[in-house]
1. Quote the relative contact order of the stretch 4-272 in percent (integer), defining contacts as alpha-carbon pairs under 8 Å separated by 6+ residues.
2. Considering just Cα atoms, how many Å³ per residue does the convex hull of the stretch 121-276 enclose?
3. Order of 171-177, 125-131 by packing, highest average Cβ count within 10 Å first?
4. Expected output is a single nm value to one decimal: the length gained when fully extending between LEU81 and ASP107, i.e. 0.36 nm times separation in residues minus the C-alpha distance. What is it?
5. Could you pull out the pairs from LYS67/LYS111; LYS46/LYS111; LYS46/LYS67 whose alpha carbons sit more than 21 Å apart here?
6. Hey, rough spin-label estimate for SER127 and VAL266, points 7 angstrom out along Cα→Cβ, what's it come to in nanometres?
7. At R0 = 35 Å, how high is the FRET efficiency between MET156 and SER215 if r is their beta carbon distance? Nearest 0.05 is fine.
8. How large is ³J(HN,Hα), in whole Hz, for each residue of the stretch 213-227 in order, when computed from phi with the Karplus curve 6.51 cos²θ - 1.76 cosθ + 1.60 and θ = phi - 60°, using x for Gly and Pro?
Amino acid sequence: MNNIFTPFYCRAIALCSFIFFAGLGKANGQGLPITEIITNYNTYFKSNASAVNAVKPDNSHDLLAFKFNGIRYSTGVNDALLTTKGDGFTAEDFRGLPLQSLTGIVDTSTKLALGAMYDGVANGPSSPAPVNNLSLYLSDGAKGLNLGTGISNLPMGILNFGVSGFNTPGIGDGIPDILVTQIADPATTSNDYEFIDASGFTVGNIVTVTFDGISTVANWTTDFYEASTNPATLSAANTQIDHTLRLWAADLSVFGISSVNASTIVGFRIHVNGPS
């Protein structure tokens, strides 16, 4: 099973200076699954858990909107297009934060998960190969919201993301602050998420994450380039492979974040407890 890292997003109302997160996850028993997504694949792509679109994106596409607890929220990438298409929404502002560091050692199981046409070749590797840059594929696209790239099978270790300048009006208001994605077959291995202070201690509470309880909202077609070599290589076995797309969202309060402790946060940390 492949558990793939893609951007972990947060809305602007919960943070100042547009500082956001990147990563992945689904909190056991907390938050809610995303039941619909809208992206700009082939201009406009909509799919939901009850009627998964037969079209499978195979290139970069940015998240325009998603449905949480029955309400559609925009990400701010292209609200005008949503309006033109007649899909009503509550306007929000989501962005992804680039990865700062990771401690896991990349090995032969680690892959660059890219839409099959990302490299411009329909069935095989491109020359030159796509750049081998893990952090790029966790933060690319408009506002860092590209759903067509990610990293597969990061080894055990820690991922760190910088966070600063919290303000508190959006905490606990029922509007999702955190949006996480998973873009391959879900693993049963859990990972741990936490906000940390300057001393590296947990702020609020740790959230344990898995993906096997979230419904698929879309499918996509991928090439899995080898991340342990530079330039990256692509085998026939990892070419044109279909995978699922799942999302989950929550208020910051799920992590025990409040107006009392938000000011002490300096980072966000993911403990990868197995191949992810």
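All of the numbers you see were taken from the coordinates with simple rules; none came from a lab. Note that this is a predicted model, so its numbers are computed, not measured. FYI the Cβ positions are ideal-geometry reconstructions off the backbone, even for glycines, and counts take in every protein chain you see.
1. For the stretch 4-272, the relative contact order is 29 percent.
2. So the per-residue hull volume is 136 Å³.
3. Ranking, from highest mean packing down: 171-177, 125-131.
4. Result for the pair: 5.2 nm of gain on full extension.
5. In this structure, LYS67/LYS111; LYS46/LYS111 exceed 21 Å between Cα atoms.
6. Placing both labels 7 Å along Cα→Cβ, they lie 4.9 nm apart.
7. 0.80
8. 3J(HN,Hα) across the stretch 213-227, in whole Hz: x, 9, 6, 5, 9, 6, 10, 9, 10, 10, 10, 9, 6, 6, 8.
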